[in-house]
Amino acid sequence: MNEEPKGGWLSRLKQGLSRSAAKLADPITAAFTKRRLDAAAIEELEELLIGADLGVATASKITGNFARTRFDKEVDSDEVRTALAEEIEKILEPVAKPFTVDTDLRPHVVLVCGVNGSGKTTSIGKLAWQLKAQGLTVMMAAADTFRAAAIEQLQIWGERTDSVVIAGKPGADAAGLAYDAFAQAKRQGVDVLLIDTAGRLQNKADLMAELEKIIRVIRKIDESAPHDCLLVLDATVGQNAHSQVEVFKDLVDVSGLMLTKLDGTARGGVVVALAEKFALPVNAIGVGEGVDDMRPFEARAFARSLMGLS
Amino acid sequence: MFDSLTSKLGDIFDGLTKRGALSEGDVDAALREIRLALLEADVALDVVKDFIEAVRQRAVGEEVLRSVTPGQMVIKIVHDNMVEMLGGDGSAGDAPGLDETGVNLAGPPPVAIMMVGLQGSGKTTTSAKLALRIQKREKKKVMMASLDVYRPAAQQQLAVLGEQAEVVTLPMVMGEQPLAIAKRAMDSARREGCDVVILDTAGRLHIDQELMDEVAKVSAATNPIETLLVADAMTGQDAVTMAREFNEKVGITGIVLTRVDGDARGGAALSMRAVTGKPIKLMGVGEKLDELESFQAARVAGRIMGQGDVVGLVEKAAETINKEDAEKLAKKMMKGQFSLNDMADQLAQIRKMGDVGGLMGMIPGISKMKKQMAETNIDDKMIVRQQAIISSMTAGEREKPKVLNGSRRRRIAAGSGTSVQEVNRLLKQFKQMGTMMKKMGKMGKKGLLGGMGGGMPPGMMPPGMR
């Protein structure tokens, strides 16, 4: 981790995470400069994890595992942090899978969905940039025809990443637009088609039905599409992330998560609980608004940063 | 694993109400559960601790022990405390008559209102909603200006929303910096005789010193009468840090809670209020521009506690249910004349109101039923199938389900793409509903589900609920 060049992505991630971790780690340091690991100490640890949005159940499971081996022993803060980071890493390891493109598909159709304001359009822009850097051709479909200026927003990302953007008029049928884009991407033999959808709260049945319709319609071209369905999750979101994943997964068969806004003080700890519960891959994380601010999700780095370790 | 707060508190309070008197131990046990439940509702840890302590002090002791129904007393104390903490009495949004929006507009025009918050919290949409609200209710002329020069098409977004809301927006000038835009907005508002200028700032992280300095400069230049922090109701534990930092660095005067129409418990509201001491003034309850309401502490407290959003439910019902139809149906129900046609109408109404699960969450004390429903797979898809089954019947069959013999049932199953078992299940449910309605008819008109304390409007009874 230390051989990363200065200003490299890892140090930026760490910078972001350590701001959050500082708050998490400092009380640990304060509470655990050598002390006996008794019930009160374990509860304190549990609360610290809850404070990072891990949720009650996951927090108590992690601290429980830790306590089992070290209960009533003298422990210091570094030991606690390392041990908890290892527990968290174990949970995250299986879901840390970078997003990959199947170039045989032409196009590999990726549907990007999520609640309002989670960062779908920005994530698409960053993903396109990354795919471009891998030498792939990218097309975007502006299927968020609802929100004001969403189309223009994606078009600007298209210019930035030198990708074709298929767009219609505001208020146009999103499914129809996605279909047209898919047909065109197929004709042109584009490697990846990224479909941007409107933000929708998961408890809005009609909006969720609209998303299902997009899938139904693009399947008229290819039964196996969309080949990936990415759910964009805001790291500042708390336990409602469970509901978001559950409903979206149920209705549109989410294939992976993108965790955004990790450059703030929110720790995105809920992703640990999500990994346990849904085992969905975390395909990427967002650590800024710049075009190159998307990173692969790395279990060890994430877990250690979460606990304030370098 | 993640039981909803509703069912958790339901279990606790069931336990409490069944007993005559409460010991300190009982209160402690309940409070421990409440603590966990609040944490799961995203209330920040420190805030939960203070809250629990306040409730403990009020609950343990004579007040509860002497009361007739101790369980209810605890519920009341928890609820009252929550409303109080959310700013029930002091909140401007709750002061009737004074200024309905709860937003301060007093000052020599044009007064500035600055919107701040994290990326994606809903500032731009809220700006337009607020502008529309002030223009409509206060009959004041509003101008909006976007200071977001960072996010692609952010300025266009506000311009489009301005057109939709018929609110003036400051014309864009390419390459102009936020501070300059803000100054130009104030000048041009003065010239054009606008009363209020809403400054929609770019989303920013509270730790981004450069951007926080920028917003502080805009604030110094425009001297806003209100600086509103726009925050998502779904925000997790970080709400405390975020709200505190915005308050310290920019000096907020109030909070707008967005996406209250989602299914998040909204514990962040309590956290932010507690840590900043600033009132929550408004809440966003939908994507449409008129869906911005005064903050109602009692309503949000009910949600955080999982007692359901009764107001929201009634509003939603009123929106979708034709009143006359509902009354007609209610009369029929009371008389026990309830046909499959009526059931089909009901199913359609329930679907119109949106996701059944979300709807159920709004009804007080229903979390247990929600669980049962999850187990029995009563969901939107099931309602669609049930509608199909009824649609596959003849008019005569719908009026007189008695004629449905085996061969008719097979035909209906085939016609609706379901199975005979499903047809049978529907008929059984229909029968149960009929029986239940007759019983309720006898109980009188006092609310069909009076026992649930929900005051449910007629015609809203989901099928198959016992």
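The values are calculated or read from the model by the stated rules, or taken from the named source; none is laboratory data. Worth saying up front: this structure is predicted, and the values here are computed from it rather than measured. A quick note on method: Cβ atoms are made from the backbone with ideal geometry, for glycine too, and the neighbour counts reach across all protein chains shown. These area figures cover heavy atoms from the full protein model, side chains too; ligands, DNA and RNA do not enter into them. Shrake-Rupley method; radii C 1.70, N 1.55, O 1.52, S 1.80 Å.
Tabulated data
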| item | result |
| --- | --- |
| Heavy-atom accessible area per residue - the range B:111-307, 1.4 Å, Å² | 32 |
| Ratio of Rg to Rh over chain A (Cα coordinates, Kirkwood Rh, two decimals) | 1.03 |
| Estimated buried accessible area (total), pair A and B, 1.4 Å, Å² to nearest 100 | 3800 |
| Translational diffusion coefficient (Stokes-Einstein; Kirkwood radius from C-alpha pairs) of the range A:157-251 at 10 °C, 1.306 mPa s, in µm²/s | 107 |
| Hull volume in cubic angstrom per residue (convex hull over the Cα atoms of the range B:188-240) | 109 |
| Listed residue pairs exceeding 25 Å between alpha carbons, taken from A:97/A:169; A:204/B:328; A:169/B:281; B:123/B:281; A:61/B:278; A:213/B:400 | A:97/A:169; A:204/B:328; A:169/B:281; A:61/B:278; A:213/B:400 |
| The range B:111-307 - share of DSSP beta bridges that are antiparallel (%, nearest 5) | 10 |
| Average accessible surface area per residue within the range A:124-174, 1.4 Å rolling probe, Å² | 41 |
| Relative packing of peptides B:245-251, A:236-242, B:104-110 - highest average C-beta neighbours within 10 Å first | A:236-242, B:245-251, B:104-110 |
| Formal net charge of residues neighbouring residue B:250 (Cβ-Cβ distance under 11 Å; K, R +1; D, E -1) | -1 |
| Antiparallel content of DSSP bridges confined to the range A:108-298, in %, to 5 | 5 |
| log₁₀ of I(q)/I(0) at q = 0.15, 0.30 Å⁻¹ - the range A:217-277, Debye sum with one point per alpha carbon | -0.50, -1.31 |
| Rule-of-thumb Rg ratio for the range B:111-307 [Cα; 2.2 N^0.38 Å; N residues] | 0.97 |
| Residue-count net charge about residue A:270 - beta-carbon cut-off 12 Å; Lys, Arg +1, Asp, Glu -1 | -4 |
| Fraction of accessible area attributable to carbon and sulfur, the range B:111-307 (%, probe 1.4 Å) | 49 |
| Rule-of-thumb Rg ratio for the range A:54-95 [Cα; 2.2 N^0.38 Å; N residues] | 1.17 |
